[in-house]
Protein chains: 2
Amino acid sequence: MTYEAFLSRAAAGMRQSPIRQMGILAAQRTDIISFAPGYPGPDSFAWDAYRAIADRVLAARHRDVLQYGPTRGYAPLLEALQAVSAARSIDVGTDQMMVTTGSQQGLDLVARTLLDPGDVALVELPSYTGAIWAFRNHQATLVGVRQAADGIDLVDLDRALYQARLEGRRVKFLYVVPNFQNPTGMLLGLGKRRALVEWAARERVLIVEDDPYGALFFDDAAHERDTRPIKADDDEGWVIYLSSLSKTLAPAFRTAWVAAPAPLVARMEVAKQAMDLCTGNFDQRLLFEAIRDGVLERSAPDLREYYRAKRTVMEQALRGELGDTLTWSPPRGGFFLWASLPPPVQSVDLLPVAIAQGVIFVAGHAFFVDGGGGAFLRLAFSLPTHDQIREGVRRLAAAVKEAVGQPASRQPSREPVPEG
Amino acid sequence: MTYEAFLSRAAAGMRQSPIRQMGILAAQRTDIISFAPGYPGPDSFAWDAYRAIADRVLAARHRDVLQYGPTRGYAPLLEALQAVSAARSIDVGTDQMMVTTGSQQGLDLVARTLLDPGDVALVELPSYTGAIWAFRNHQATLVGVRQAADGIDLVDLDRALYQARLEGRRVKFLYVVPNFQNPTGMLLGLGKRRALVEWAARERVLIVEDDPYGALFFDDAAHERDTRPIKADDDEGWVIYLSSLSKTLAPAFRTAWVAAPAPLVARMEVAKQAMDLCTGNFDQRLLFEAIRDGVLERSAPDLREYYRAKRTVMEQALRGELGDTLTWSPPRGGFFLWASLPPPVQSVDLLPVAIAQGVIFVAGHAFFVDGGGGAFLRLAFSLPTHDQIREGVRRLAAAVKEAVGQPASRQPSREPVPEG
């Protein structure tokens, strides 16, 4: 029996996430070194703190701890996240906030509440695939905007906007990851951030600002002031800000938050009620207690150093093994190094060779909504150990040398990439 | 600034859940006794087991425990849930299963993958509001089917189906809660269950079977064999089965599962990737270990007795205080007692009087997609203690006597109820 006739149009167009596919592959083969998913390093987690908190909270048997919770989130956690936001110069009341089941749910909520089929969402070239597919699954039309070395190209932004409007389309929002962008690791310039708020008000287009990595700047290449969120200067209410505890505390707790104009958060709350009722209440309680006990604040400098060191190991290894072949900009924070292959090698052609060598990454085309990006590979240095990074780069170098020596097995595609 | 122009059509039509609204009210007023949300009793939770497991799991620092997990779910938990399903005579491989972030996400996934705007979902009159709004939020058209004392009326089912088809609509599925239905507490007859599978194959309409309460039968009024899922006799693949650990272990862990034809589960997995990536991995690990340690199996008889006793206390109190005024069928399992007021009293008019008396419930109209049900109230006996149930019924009786003595403040509405 087939079920095609039962599927919604949305479902018929849905595609597997290439990052998740790589994650499955990595889980199946323990001999493989993974530069693919942007997973935090498990030795960065505050295991003992969660153990003590879980023990305390479960021993106390407070009736709410294992119960359903409010859709908005556990109130003390919302207040703690309000203070975290305030430390990033984002001044919002809890009426402008909601806890989400990971920032992925935040992206889905944005799509659900704002996008009708055919509406345009502007995204960076390249952009985070999880956002691309959250928007596409609502049958939105995604239009790419080029990036310069300091982030989104404002001239190309206007071009994309006017072109879409000329075609009679409604442009609902621009999606940006200003801090250590996924996948490029790029940092959006401060001047451009302010320009984007003005642009939003002038053009009456919302901005969806996704900021999972802002706290993870590397002090040899960036300062905290470089990461000031766009939302910090949003006096009129054009910016929907998403952030997460997945990269700084742990992803298993699926706890993130949105800060946005109150009427939009109210809509998102109603949407979330029918999506999962509430984010895990025990998880929220653990994270609230961890933040209250100072875990988030105390661990931040260590986390920055932890990922900076991994970045350095990867860059040194790449310079040693592939310095003549790959090009990249040094990551100034976050989880990713975005490298470019010499023409005509395509990263999708390199991938099977790399898998045979025992290393994986995400091929660049997954991040481009215009079918481009074939030369790029996203290398996440966040999860592997220093030794694994060195060994993974050795394997990658062997694969690259093999692929560079071969004729390209297929031409670069200019079609939108069906599998994300 | 207003945001109406930015909202999707779906968002513009979304409405607050009346159950969640009551939950918020109950949380704000500690003096109120709540018969509103279907929350499990927190003294039924295996606090010590979770405490021991959390301690063990966090001490072991297995790298996967606090990490992102596979979208399908934690593999050992999937296997444990396969065994739980098999004990209910549902024989499925793990390729036909997925963990969901609560059954509410299962309902949302069903809606996303199957419903285009205007498609018809058939639902019982009355039906679970969380399902109604999951389907409505995808702009589906909901068509109600009457129920008899042994569940859905098969003649009315055909009438509703043919009527919708005459109007040129696609009928994608029938949604049913066969075991101790939310809100009526009704048990669907075994003959009707088999008839529904035949109906689905004959009419080529899927069945979405939602079974959170099946394990909670009361041994003075029902047997395990009365709860045999429709899915158990689904040889051809017409049934999507949803169940949950929220009512039997604890809701805070947001862990439920779907068992459905493999091609549909594969679609749901892709949809879930863009919704929340994965269900909480720590939660899944805790529940897997709890099931493996025998917590679910050992606690089942105690849970049945725990809720049966609360049911008995509520019925005794209602007979004593309101036996001449309210009518109801004795609940044979689950969390709910579904009571009917004498005409012309409407439960929406009773509600403010009850709140003034310090007791809340959910007014019946929220569960009816045809605007009916004004005479009913859903009384959840699952959360309050025995004393709270007795006191709550006394308060309810005072409110009912006040409301019955008053003229109705408004006429029963026959319009679809906008707020669910």
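So how do A:64-70, A:80-86, A:32-38 stack up, highest first, on mean other-Cβ count within 10 Å? Kindly include the intermediate steps, with their values, before the conclusion.
Details: A:64-70: 21.6, A:80-86: 18.1, A:32-38: 24.6.
Order by mean packing, descending: A:32-38, A:64-70, A:80-86.
Taking the Cα centroid of region A:127-142 and of region A:287-327, what is the distance between the two, rounded to the nearest whole Å?
So the separation of the two Cα centres works out to 28 Å.
Per residue, how much accessible area does region B:55-113 have with a 1.4 Å probe, in Å²? Present the calculation step by step, with values, prior to reporting the outcome.
Details: 1950 Å² over 59 residues.
The answer is 33 Å² per residue.
Charges at C-beta only: +1 for Lys and Arg, -1 for Asp and Glu. How large is the resulting dipole of the protein assembly as shown about its Cα centre, in Debye rounded to 20? Numbers along the way, then the final one.
On the way: 92 positive and 98 negative charges, 72 e Å.
Rounded to the nearest 20 debye, it is 340 debye.
Give me the extension gain from B:Ala83 to B:Arg204: residue separation times 0.36 nm, minus the current Cα-Cα distance, reported in nm with one decimal. List each step's numbers first, then the result.
Working: separation 121, 0.36 × 121 = 43.56 nm, distance 2.91 nm.
Full extension from B:Ala83 to B:Arg204 adds 40.6 nm.
Expressed as a whole number of Å, what is the distance separating the alpha-carbon centroids of region A:145-165 and region B:1-80?
Each part reduced to its Cα centre gives a spacing of 40 Å.
Just from its helices, what would the mean residue ellipticity at 222 nm be for chain A, if runs of 4 or more DSSP H residues each count -39500 (n - 2.57) and the sum is divided by every residue, rounded to the nearest 500 deg cm²/dmol?
Values: 13 runs with 176 residues, N = 420.
That calculation yields -13500 deg cm²/dmol at 222 nm.
What does the net charge come to around B:Ala399 if you take all other residues with beta carbon closer than 12 Å to its beta carbon, with K and R at +1 and D and E at -1?
Details: positive: B:Arg394, B:Arg395, B:Lys401; negative: B:Glu321, B:Asp349, B:Glu402.
Taking every Cβ under 12 Å from that of B:Ala399, the sum is 0.
Can you list, shortest first and in nm, the gaps between the label point of B:Gly118 and those of its counterparts in the other copies, using a point 7 Å from Cα in the C-beta direction?
Listed shortest first, these distances are 1.3 nm.
I'd like the FRET efficiency for B:Glu305 and B:Glu224, computed as 1/(1 + (r/R0)^6) with the beta carbon distance as r and R0 of 22 Å, rounded to 0.05.
Numbers: r = 14 Å, r/R0 = 0.65.
The value I calculate is 0.95.
Are there residues in region A:75-107 whose accessible area shrinks by at least 30 Å² when all protein chains are included rather than the chain by itself, and which are they (probe 1.4 Å, ligands and nucleic acids not counted)?
A:Thr101, A:Gln104
Identify which of B:Ala134, B:Ala403, B:Ala221 has the largest mean-square fluctuation in a Gaussian network model of chain B, with springs joining Cα atoms closer than 10 Å.
B:Ala221
Remind me, what semi-axes does chain A give for its equivalent ellipsoid, largest first in whole Å, using sqrt of 5 times each Cα gyration tensor eigenvalue? Numbers along the way, then the final one.
Values: eigenvalues 208, 149, 94 Å².
Output for chain A: semi-axes of 32, 27, 22 Å.
Residues of A:59-68, mean number of Cβ from any other protein chain within 10 Å of their own Cβ, rounded to a whole number?
6
For region A:108-151, state which residues have at least 30 Å² less accessible area in the presence of all protein chains than in their chain by itself, taking the probe as 1.4 Å and leaving out ligands, DNA and RNA.
Flagged in region A:108-151: A:Asp108, A:Arg112, A:Thr113, A:Asp116, A:Asn137.
Under the convention of a label 7 Å out along Cα→Cβ, give the distances in nm from B:Arg319 to the same position in every other copy, shortest first.
8.5
Which whole-number percentage describes the relative contact order of chain A, with Cα contacts under 8 Å and a sequence gap of 6 or more? Could you put the intermediate results ahead of the total?
Values: 798 pairs, mean separation 97.1, N = 420.
It rounds to 23 percent for chain A.
Below 10 angstrom from the Cβ of A:Gly41, what's the summed charge of the other residues (Lys, Arg +1; Asp, Glu -1)? Walk me through the intermediate numbers first.
Working: positive: A:Lys310, B:Arg63; negative: A:Asp43.
Surrounding charge for A:Gly41 is +1.
Go through A:90-96, B:92-98, B:174-180 and give me the packing order, highest mean Cβ count within 10 Å leading. Write down the numbers at each step before the final one.
Working: A:90-96: 17.0, B:92-98: 18.7, B:174-180: 27.7.
Order by mean packing, descending: B:174-180, B:92-98, A:90-96.
Give me the accessible area per residue for region A:199-267, probe 1.4 Å, as a whole number in Å². Walk me through the numbers before you get to the answer.
On the way: 1860 Å² over 69 residues.
Here the residues of region A:199-267 average 27 Å² of exposed surface.
Would region A:196-324 count as rounded, prolate or oblate if I go by the C-alpha gyration tensor, calling it rounded below 1.5 in a/c and otherwise prolate when a/b exceeds b/c, oblate otherwise?
oblate
Given a 1.4 angstrom probe, I'd like the percentage of the accessible area of region B:213-261 that is carbon and sulfur, rounded to a whole number.
Details: 490 of 1280 Å².
Heavy-atom surface of region B:213-261 belonging to carbon and sulfur, 1.4 Å probe: 38 percent.
To one decimal in nm, how far is B:Glu224 from the same spot in the other copies, if labels go 7 Å from Cα toward Cβ? Please give the shortest first.
Spacings between copies for this position, smallest first, are 5.9 nm.
Antiparallel versus total DSSP beta bridges in chain A: what percent is that, nearest 5?
Working: 20 of 40 bridges.
Taking every DSSP beta bridge with both residues in chain A, the antiparallel ones total about 50 percent.
Relative contact order for region B:161-225: what is it in percent, counting Cα pairs under 8 Å that are at least 6 residues apart? Write down the numbers at each step before the final one.
On the way: 53 pairs, mean separation 23.0, N = 65.
Here the relative contact order equals 35 percent.
Rolling a 1.4 angstrom probe over the protein heavy atoms, how many square angstrom per residue are accessible across region B:321-409?
Values: 3150 Å² over 89 residues.
For region B:321-409, the per-residue accessible area is 35 Å².
Would you mind telling me the antiparallel percentage of the DSSP bridges in the protein assembly as shown, rounded to 5?
50
What FRET efficiency, computed as 1/(1 + (r/R0)^6) with R0 = 25 Å and r the Cβ-Cβ distance, is obtained for A:Glu167 and B:Ala12, rounded to the nearest 0.05? Before the final figure, lay out the partial values.
Working: r = 24 Å, r/R0 = 0.95.
The calculated FRET efficiency here is 0.60.
Cross-chain or 8 or more residues apart, Cα under 28 Å: how many lysine pairs in the protein assembly as shown fit that? Count them up, please.
Value for the protein assembly as shown: 25.
Could you give the size of the charge dipole of chain B about its Cα centre, using +1 on the Cβ of each K and R and -1 on the Cβ of each D and E, expressed in debye and rounded to the nearest 20? Provide the component values of the computation, followed by the final result.
Numbers: 46 positive and 49 negative charges, 102 e Å.
Roughly 480 debye, rounded to the nearest 20.
Inside 10 Å of the C-beta atoms of B:246-255, what's the mean count of C-beta atoms belonging to other chains? All intermediate terms of the calculation are to be shown ahead of the outcome.
Numbers: counts 4, 0, 0, 1, 6, 9, 14, 5, 12, 1.
The shielding value for this peptide is 5.
Does any residue of region A:1-39 lose at least 40 Å² of accessible area with all protein chains in place compared with its chain alone, and if so which ones (probe 1.4 Å)?
Going by heavy-atom accessible area, the residues of region A:1-39 that drop by at least 40 Å² are A:Met1, A:Tyr3, A:Phe6, A:Leu7, A:Ser8, A:Arg9, A:Met14, A:Gln16, A:Arg20, A:Tyr39.
Under the definition of partner shielding as Cβ atoms of other protein chains within 10 Å of a residue Cβ, what is the mean value for peptide B:278-286?
Details: counts 8, 5, 11, 6, 11, 7, 1, 1, 2.
Per-residue shielding by partner chains comes out at 6.
At the nearest 100 Å², what buried accessible area, both sides summed, do you get for B and A when the probe is 1.4 Å? The partial results should precede the final answer.
Working: alone 18470 and 18450 Å², together 29090 Å².
Its buried surface, counting both partners, is about 7800 Å².
Starting at 0 and stepping by 5 Å, how many percent of the alpha carbon pairs of region B:67-140 end up in each bin?
3, 14, 20, 18, 15, 17, 10, 2, 0
The values are calculated or read from the model by the stated rules, or taken from the named source; none is laboratory data. Treat the numbers as computed from the prediction; the structure is a model and nothing was measured. Because the Cβ atoms are built from the backbone with ideal geometry, glycine has one as well, and the counts that use them run over all protein chains shown. Remember, those area values only see protein heavy atoms, side chains included, never the ligands or the DNA or RNA. Shrake-Rupley method; radii C 1.70, N 1.55, O 1.52, S 1.80 Å.
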